[in-house]
Every structure is written in structure tokens, then in C-alpha cells.
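Mind looking over this structure? Questions follow.
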Amino acid sequence: MTNPTGIYIDGRWLAGGSEIDNINPSDISDVIGRYGQATGDQLDEALAAARKAQPLWWAAGVQKRHDVLMAIGNELMARAEEIGRIVSREEGKPLAEGKGEVYRAGQFFTYFAAEALRLHGDLAESVRPGIEIDVRREPVGVVAIVSPWNFPVATPAWKIAPALAFGNAVVWKPANLTPASAVALTEIIAKQDIPAGVFNLVTGPGRAVGQRLVESAGVDAISFTGSVPVGRGIAAAAVANMTKVQMEMGSKNPMLVMDDADLELAVAHATNAAFGGTGQKCTAASRLIVHEKIHDAFVEKLVAAAKALKVGHALEDGTQIGPVVSDTQLSQNLDYVQAGKAEGAELLCGGERLNRSTEGYFMSPAVFVGTRNDMRINREEMFAPITCVIKAGSYAEALSIANDSEFGLTAGIMTRSLSRASHFRANMRAGCVMVNLPTAGTDYHVPFGGRGASSFGPREQGRYAAEFYTTVKTAYVAAGAPE
Ligand code: NDP
């Protein structure tokens, strides 16, 4: 067996056609390792192995699937610190967040272990006498999973766990920026007593391995998290093959701060939601829509909070904001800072590359004020530690600005008014609404997803995940009279 390199097919670790260096964004002199890049032939092998293994896995039954998922989840939780360190080293989030992410990934597995036991169906009376009807859920078949780098263990976990729980086989293409996290998760899955080929890892470039995977007729369902442009391409490929598809993409999550809000709490939640994970979360609060009566006081405290955040090496004690994930992402962020200024927004703090004792992609958290909702910085997902304040004259105006976006993943309101909170919950066009909470931060046992360009297809997580990872069969049985 070759050492784990990023490619695991049909129960074996394989060397790839080529290799890439995995670089620590907190310290670019730290090469974490070299990881294999799957070839087209290896991808085809993975798909064939998955096709062969899937019926065996379904036949293994619910107790077996429960036990395997429970073992994976328990190991992830027990090793959260060790694997969290890998996540922090290659993605750049502070260690507490890396550890928290791996623990959460474990919870997805233990939750779906129990869901494997709850694959209940329905019984119905037929309108025709002598016929019995039952409705059962069956696996979709071979599921392709394409995941991003920002949550390199939790996002694949919330896809792989339900896929396996409901009897599917998996071919996983992780982000090329975070192969070490993918290998760590795969090693835990690989040590389980499961049929070879049920789970396969094919690391490689999105435009080659990812594209070939989503365009393959050997795939029954595709679950993707990432950018809108890639998502559009995947949707087109899925339609061409009539493949079931589910996608979570970007957003421009608004947080309304009303004049009756608890100011300190609003600042704390806005700071956390805008800059946590270096702003590289699909749930980040990137549009802060603030009532004019509280605007100046809020902005003053927000800027002070942003300036006080400690930006540094992800594994250093006390770091609150790690580096941006890559050179490309950092350049894109700095371009957005320039674009904001060019459009007339006022930069009150941050938005600059920072030097630290190690060479990394550090950037100071940025706050723009005087922004309009039609500016690029308020329309496009930046995935950066940049947040934009928009002033509104009333709750109604704030809601209308919040809803004026092609996206609709999460949205929040800070208010002490029950009527505003209730109205917001009912009238905000988003998949998740938060009252007096940050826009980022969700539970693992309830659905997650959005509207508009943020999501496509059935929801992820919670018991709603069964919609995507199973297909329904309606059986009509005429048993006849006993002899
Ligand atoms: P991408 O959408 O490019 O990447 C997400 C995943 O898709 C990765 O595994 C990637 O592989 C893969 N991929 C890329 N191209 C294709 C393709 N043609 N067919 C199939 N799979 C493909 O996002 P990036 O990582 O490049 O980030 C770019 C921007 O996307 C960010 O700045 C951010 O705005 C947004 N984004 C949003 C996320 C979210 O959760 N909403 C998560 C990540 C990014 P590879 O890594 O090899 O390129």
C-alpha cells in the first residue's frame, strides 16, 4: 500500500499522475506535504468501484451502517484537536475553530448513524380492493461529492455521512487547497469494515478531475458546495445527464441592526459573523444594514472591535483571525478593497496586507461605510474579511435592501421588537433567518440551505437530507387469496 497521498480507490491508496505541494497559508515556507492528483483513468476506476460496491453496502443493512457511521463520528470527536491542527495548518483558521470544525464533523456522522435506523416509509390503502401499497426509500446509487476548502472536514462530513447512512457509494473530490484534511477524514473511513469501493477519494484540480466527475454518466447524484460560476456549470452538466443535483453556493448575507437593538450585542455578533473564519464563510455577514438612529454609535464600536482583532498565524496562541487561504484569494480581496473605494465607499479600517513574523496571507479586517446596495462590494460574494455598512431610515427600508440580492442563504436581525423580529422571519427571503444571533453558526440536526443563487436542489442536513440521498419507490402488491 502506498502512503496516503490523496487518492483512495476501491480500498487502496494510490499514487497520482502528478503531485502538488500543500502550503501553509500562515507560513508559506511550511510545506505540509505533497499530494497526488488523480488521473482520468483513476477517476473512472473509482466510479466503477463505487458502482460495484453500492449494492453490497445497501445489503449490509441499517445496523451495520449505523455502527460504521457511529465509529467514524466517535473517532473524529476523539481526535478533534489532532485533526483540527491539520485543518488550521492548511486552511488557516485558528486552532479553536479547526478543532470545533472536526468535532462538528463527528456530530454529523453520529447524527446520521441514528438516521440510518430511521429510514421509515409509508403504507397506504389502495383505491383498488386487494392491493397493498408501500412507499420506501432506497439509495440513489453513486454520489459525487465536490467540496470547498473553507470547511474542509465539516462540509464533506455533512454530505458523506447521509450518503453512506442511506446506502449510497461515494466518490469525493475535495478542494485542492486542503488535501491533508481530506486524507485525514478518508483514513478514518478507510479503516472501517466496509466493502472496498463504497468510499473513494479522488484529489485533483477542479477543472479536470472535478469537471470529469460531474459530467460522468456513471454518477447518480452530485452534491456540491462552492462558487456560483462553478455551480452553474455543474447544474448544466447534471441536466445533460439527468443527474440529481444539490448545490450550496455563495451569498451576501445581510444583518439588520435596528435602533432598538442591544448595541453591544449587535457589535459582538456583527464582528463575529463578518470576520470569523477570516470572512471565508458562506454565512458571513457581509452587508450590515443599520438604522440611521443607531448608525454612528454602531459604526464607532464596530471599527474599534475590528481593529482590536488579533490577526496572525493560525496555530499561535491568541490568534482570532488567521490568514486568507491563498495568494489568489488575497489578491482578489485587495482588488475588492480598491473596487469599494473606486465606487465611493469610505474605508474606515483595515483592508491591507499585514506582515507577521512568518510570511503568510494576512489581511486586516476591513469596514466600509457609506456604501450603497448597488455597489459591487454589496452585490458579489467576496469571501473576505471585509464588511459593508449600509444606512437605512426605517425597518421597512432595511428589509427591502436586505431582500435586494440574487442570494438568500442566511440573514439576521438585531432588535428587541417582537413584531419586527416576527415580520422579518416571515418576509426575509433566505433559507435561514437569525434573530439576535450572528448570521454564521448553525446546528447540525436541522436543514441548511438557501434561496436564489445561494442554493439549488433539496436541502442539506437534518432529516431533510433524505430527500436528496434517497429515492422513493412506491410498491403495489396484490397478494391474492391464500390456497
Ligand atoms: P470553487 O467553486 O472553484 O471550488 C469549489 C470546489 O469545486 C473545489 O473542490 C474545486 O476544486 C471544485 N471545482 C472547481 N472547478 C470545477 C469544475 N469546473 N467542475 C467541478 N468542480 C470544480 O471555489 P474556489 O475554491 O475556487 O473559491 C472561489 C470563490 O468561490 C471564493 O472566493 C468564494 O467566493 C466562493 N466559495 C464559496 C464557498 C461557499 O461555501 N459558499 C466555498 C468556497 C468558495 P479545486 O479546489 O481543485 O479548484
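Can you find, within the range 214-228, the residue that is surrounded by the fewest Cβ atoms within 10 Å (Cβ to Cβ) among those that are within 7 Å of the ligand (Cβ to nearest atom) and not aromatic (Phe, Trp, Tyr)?
The residue in question is Ser227.
Additional query: Please go through the range 229-250 and give me each residue that is in a loop (DSSP other than H, G, I, E, B) and open to solvent by 40 Å² or more (accessible area, probe 1.4 Å), ordered by number.
Passing the criteria: only Met242.
Another question, then. Check Gly210, Gly204 and return the single one that is farther than 19 Å from Ala163 by Cβ, open to solvent by less than 20 Å² (accessible area, probe 1.4 Å), near the ligand (Cβ under 10 Å from one of its atoms) and at pLDDT 95 or above.
Gly204
Something else now. Would the range 313-333 turn up any residue that is in a helix (DSSP H, G or I), open to solvent by 20 Å² or more (accessible area, probe 1.4 Å) and more than 13 Å from the ligand (Cβ to nearest atom)?
No, the conditions are met nowhere in the range 313-333.
Looking for something closer than 30 Å to Phe468 by Cα and surrounded by 23 or more Cβ atoms within 10 Å (Cβ to Cβ) - is there at least one such residue anywhere in the range 263-275?
yes
Somewhere in the range 422-430, is a residue under 22 Å from Ala105 (Cα atoms), at pLDDT 95 or above and buried (at least 16 other Cβ atoms within 10 Å of the Cβ)?
Checked the range 422-430: no residue is under 22 Å from Ala105 (Cα atoms), at pLDDT 95 or above and buried (at least 16 other Cβ atoms within 10 Å of the Cβ).
Looking only at the range 187-208, how many residues end up being closer than 24 Å to Pro139 by Cβ and in a helix (DSSP H, G or I)?
Residues flagged as closer than 24 Å to Pro139 by Cβ and in a helix (DSSP H, G or I) within the range 187-208 amount to 3.
For the range 48-62: of the residues being surrounded by fewer than 23 Cβ atoms within 10 Å (Cβ to Cβ) and touching a residue at least 12 places away in the same chain (Cβ under 8 Å), which is nearest to Gly206 (Cα to Cα)?
Here the answer is Ala48.
Now for a separate question. Just for the range 229-253: of the residues that are within 19 Å of the chain's Cα centre (by Cα) and under 21 Å from Gln37 (Cβ atoms), which one is nearest to the ligand (Cβ to nearest atom)?
Val230
Here's another thing I want to ask about it. In the range 213-237, what count of residues is obtained for those that are touching a helix residue (DSSP H, G or I) at 6+ places or on another chain (Cβ under 7 Å) and either at pLDDT below 95 or not hydrophobic (A, V, I, L, M, F, W, C) (or both)?
Count: 5.
Given the criterion more than 23 Å from Asp41 (Cα to Cα), touching a residue at least 40 places away in the same chain (Cβ under 8 Å) and out of contact with any His (no Cβ under 6 Å at 6 or more places or on another chain), identify the matching residue among Ala190, Ala184, Ala124, Ala144.
Just a single option satisfies the conditions, and that option is Ala184.
Out of the helices (runs of 4 or more DSSP H) lying entirely within the range 25-130, which hold 2 or more residues that are more than 28 Å from Gln461 (Cβ to Cβ) and not hydroxyl-bearing (Ser, Thr, Tyr)?
Qualifying helices (runs of 4 or more DSSP H): 40-59.
Of everything in the range 119-157, what is open to solvent by less than 30 Å² (accessible area, probe 1.4 Å) and closer than 28 Å to Thr278 by Cβ? Give them in sequence order.
Ile145, Val146, Ser147, Pro148, Asn150, Pro152, Val153, Ala154, Thr155, Pro156, Ala157
List the residue pairs whose Cβ atoms are under 6 Å apart, where the first residue sits in the range 248-272 and is farther than 30 Å from Val146 by Cα, the second is open to solvent by 40 Å² or more (accessible area, probe 1.4 Å), and the two are 6 or more positions apart or on different chains.
From residues that are farther than 30 Å from Val146 by Cα, the pairs are Asp259/Lys293; Asp260/Arg416; Val267/Lys301.
Could we say that Gly408 is touching a Pro at 6+ places or on another chain (Cβ under 7 Å) and crowded, with 21+ Cβ neighbours inside 10 Å here?
no
The values are calculated or read from the model by the stated rules, or taken from the named source; none is laboratory data. Please read all numbers here as calculations on a predicted model, not as lab measurements. Cβ atoms come from the backbone with ideal geometry, glycine included; neighbour counts cover every protein chain shown. Calculation scope for accessible area: heavy atoms of the full protein, side chains included, ligands and nucleic acids excluded. Shrake-Rupley method; radii C 1.70, N 1.55, O 1.52, S 1.80 Å.
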